[in-house]
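The values are calculated or read from the model by the stated rules, or taken from the named source; none is laboratory data. All values reported here derive from a predicted model rather than from experimental measurement. Reconstructed Cβ throughout: ideal geometry from the backbone, glycine too, with neighbour counts over all protein chains shown. Keep in mind that these areas ignore ligands, DNA and RNA; they rest on the heavy atoms of the full protein, side chains included. Shrake-Rupley method; radii C 1.70, N 1.55, O 1.52, S 1.80 Å.
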Amino acid sequence: MRQDIQDSTDAGRGSVAPDDPVAQDTRHVLHPWADLTVLGKQESLIISEANGVEVSDSRGKKYLDAIGGMWCVTVGYGNEELTRAIAAQALKMAYFTPFGDVSSEPAAKLAAMLAELSPGDLNRVQFTTCGSTAVESAVRIAHYYYASQGRPEKHHVLARVNSYHGSTFLAASLSGKAVDRTTFHYESDWVHHLENPVHDPDNAQVSAQERVDALTAGMEAAIARIGAGNIACYVAEPVLASGGVLVPPPGYHEAALEVCRRHDILYISDEVVTGFGRLGHFFASEAKFGIVPDMIVTAKGLTSGYQPLGAVLVSDRVANAIAEAANPEKPVFSNGFTYSGHPVACAAAIANIEIMRREDICGHVREVGPYFIRRLRELRSSPIVAAVRGDHLMACVECHVPGEVGPTARNQAMARRVDAYCEEAGLLVRPYENLCIMSPPLVVTKGGIDRIVDIMAESLARAERDLGAGAPE
């Protein structure tokens, strides 16, 4: 639980002790998703060191990192082989422009590796800086694809309620989490959100097939309303991650892809979280969900979080059509970034893939992932647990005050209390609304999983006792 602090006169002038990272952070850093009501008045947890599946704060306290940084860490913290690859590339050539007909050896090699790992004909790669810029680039590619065919009106985009695709303007507009919609501006004229596709067998009132049929009918109705001739693409996470680890019913993605194919709508699979081993495969689209999309977006686990990097994998069908239809008077594909294919970041990704292959990280996840979910599901016996959802090494525990449903104020307070007790006991989970979300580094062992679940169980028990004493307000 973070400690509130008082502004000092010196802090107000911007002067803080040079050896006090907590004070420096409090005075100067504007964090992503910061609570602005306590800006400059609340201490942050300063993480100073990390090794394996553990991190240490600036005061020396260790925690088991059950969120993998931010869905990122695959090979664990402090991997010397990966860090040596970063250092070697930085010494050899830290950077050069990626624009036009210039590239680097690491970017070329990584693109070939990604083409080999990806399903179907997704053989063309555009590198970006992160998941947000990768999603934005994928949608722009879809726009370019149809405009190059003389159909610029085909630019609307389908996304989903409770989805998360990033925080750049377009990616944030695609995201469907109501809690994230604040006083920023968002595109609303040509971005449309379909129903959240979650199907929780424990609480569902209909069968999985009935749910698929209803979701497909809703998608068809939206397409009929907007007009298939106006829609460029559909953007979907295989499992909705930040929105609450929402797992669709079996067959949903296959049905959605069939609808897209029938209406000439490109299918973009946002695998920023589900890719690179989180579900036991380098890419989950085909291996777990039976689809070969037109584009796959990846980031996070691509470098195990050691360097910022994103990528869009584009099918030959789409890439070749764009090239063939290029306007000779304006042939330039004007999308990219100063740090696209950054050689140091690509070197990190190459080393990460080599380590994952050699150590069979995906196989390890397929072994321990079901154990993680089985152990977490034991927590359903707690009266303050509304649901446990997940797939392999992405999961969440939904907290509630018995009798209350959804992210009410009391339910969110309950989840914050559980999170605080976990942190006190040396476990970091990610609080979101009334959820405790977990995505541990992929090298976590069954012993580490036991520790996660045991601490979570005790934290739930403490919060339940508090409820009996009049908490959690």
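Name the residue that is nearest to the chain's Cα centre (by Cα), counting only residues in the range 342-356 that are within 13 Å of S304 (Cβ to Cβ) and of a type outside the set (A, V, I, L, M).
The first filter runs over the range 342-356 and keeps only residues within 13 Å of S304 (Cβ to Cβ), leaving 345, 347-356.
With of a type outside the set (A, V, I, L, M) added as a condition, the list becomes 352, 354.
Numbers: N352: 18, E354: 22 Å.
Checking each candidate, the answer is N352.
Scan the helices (runs of 4 or more DSSP H) fully inside the range 70-168 and keep the ones with 2 or more residues being within 18 Å of V273 (Cβ to Cβ) and open to solvent by less than 40 Å² (accessible area, probe 1.4 Å). Show your work before the answer.
Values: elements: 80-92, 105-117, 131-148.
Result: 105-117, 131-148.
Name the residues in the range 220-265 that are in contact with a helix residue (DSSP H, G or I) (Cβ under 6 Å, 6 or more places away or on another chain) and within 28 Å of S439 (Cβ to Cβ), would you?
Within the range 220-265, C233, Y234, V235, P238, P249, P250, G251, Y252, A255 qualify.
From A228, A255, A222, grab the single residue that is open to solvent by 10 Å² or more (accessible area, probe 1.4 Å), over 30 Å from I373 (Cα atoms), modelled with pLDDT of 95 or more and not polar (S, T, N, Q).
Every option except A228 fails the conditions.
In the range 388-406, how many are surrounded by 19 or more Cβ atoms within 10 Å (Cβ to Cβ) and under 25 Å from the mean Cα position of the chain (by Cα)? Before you say what the answer is, go through the steps one by one.
Initially, the range 388-406 is screened for residues surrounded by 19 or more Cβ atoms within 10 Å (Cβ to Cβ), giving 388-401.
Okay, now just the ones that are also under 25 Å from the mean Cα position of the chain (by Cα), so 388-400.
Counting residues in the range 388-406 that are surrounded by 19 or more Cβ atoms within 10 Å (Cβ to Cβ) and under 25 Å from the mean Cα position of the chain (by Cα) gives 13.
Quick check on my filter: what residues within the range 363-378 are over 20 Å from F276 (Cα atoms) and surrounded by 19 or more Cβ atoms within 10 Å (Cβ to Cβ)? Steps first, please.
Pass one, the range 363-378, residues over 20 Å from F276 (Cα atoms): 374-378.
Answer for the range 363-378, where residues must be over 20 Å from F276 (Cα atoms) and surrounded by 19 or more Cβ atoms within 10 Å (Cβ to Cβ): R375, L376.
Could you please find all residues in the range 357-384 being over 21 Å from T303 (Cα atoms), more than 21 Å from the chain's Cα centre (by Cα) and in contact (Cβ under 8 Å) with a residue 40 or more places away in the chain?
Y371, R375, E378, L379, R380, S382, P383, I384, listed by residue number.
With M414, M456, M438 as the choices, which residue is touching a His at 6+ places or on another chain (Cβ under 9 Å) and crowded, with 24+ Cβ neighbours inside 10 Å?
Values: M456 fails: touching a His at 6+ places or on another chain (Cβ under 9 Å); M438 fails: touching a His at 6+ places or on another chain (Cβ under 9 Å).
The match here is M414.
Do you know which residues across the range 161-178 are closer than 23 Å to L435 by Cβ and out of contact with any strand residue (DSSP E or B) (no Cβ under 8 Å at 6 or more places or on another chain)?
G166, S167, A171, A172, K177, A178
Residue by residue through the range 48-90, note down the ones that are of a type outside the set (S, T, N, Q) and closer than 12 Å to A348 by Cβ.
Of the residues in the range 48-90, the ones of a type outside the set (S, T, N, Q) are 49-50, 52-55, 57, 59-73, 75-78, 80-82, 84-88, 90.
Answer for the range 48-90, where residues must be of a type outside the set (S, T, N, Q) and closer than 12 Å to A348 by Cβ: C72, V75, E81, L82, R84, A85, I86, A87, A88, A90.
Being part of a loop (DSSP other than H, G, I, E, B) and either in contact with a strand residue (DSSP E or B) (Cβ under 6 Å, 6 or more places away or on another chain) or of a type in the set (S, T, N, Q) (or both) is the filter here, so list the residues in the range 437-463 that pass it. Let's see the steps before the verdict.
Taking the range 437-463 and keeping what is part of a loop (DSSP other than H, G, I, E, B), we get 439-445.
The answer is S439, T445.
A425 versus (1) surrounded by fewer than 17 Cβ atoms within 10 Å (Cβ to Cβ); (2) modelled with pLDDT under 95; (3) under 25 Å from C72 (Cβ atoms): which is the lone unmet condition?
(2)
Return only the number of the condition from (1) touching an Asp or Glu at 6+ places or on another chain (Cβ under 7 Å); (2) closer than 19 Å to T74 by Cα that G218 does not satisfy.
The number of the failed condition is (2).
Out of S207, S269, which single residue is in contact with a Phe, Trp or Tyr (Cβ under 9 Å, 6 or more places away or on another chain) and either small (G, A, S) or more than 17 Å from D294 (Cβ to Cβ) (or both)?
Values: S207 fails: in contact with a Phe, Trp or Tyr (Cβ under 9 Å, 6 or more places away or on another chain).
Step by step, each of S207, S269 is checked, and only S269 is in contact with a Phe, Trp or Tyr (Cβ under 9 Å, 6 or more places away or on another chain) and either small (G, A, S) or more than 17 Å from D294 (Cβ to Cβ) (or both).
In the range 169-204, what residues are in contact with a Phe, Trp or Tyr (Cβ under 9 Å, 6 or more places away or on another chain), open to solvent by 60 Å² or more (accessible area, probe 1.4 Å) and modelled with pLDDT under 90?
V179, F184
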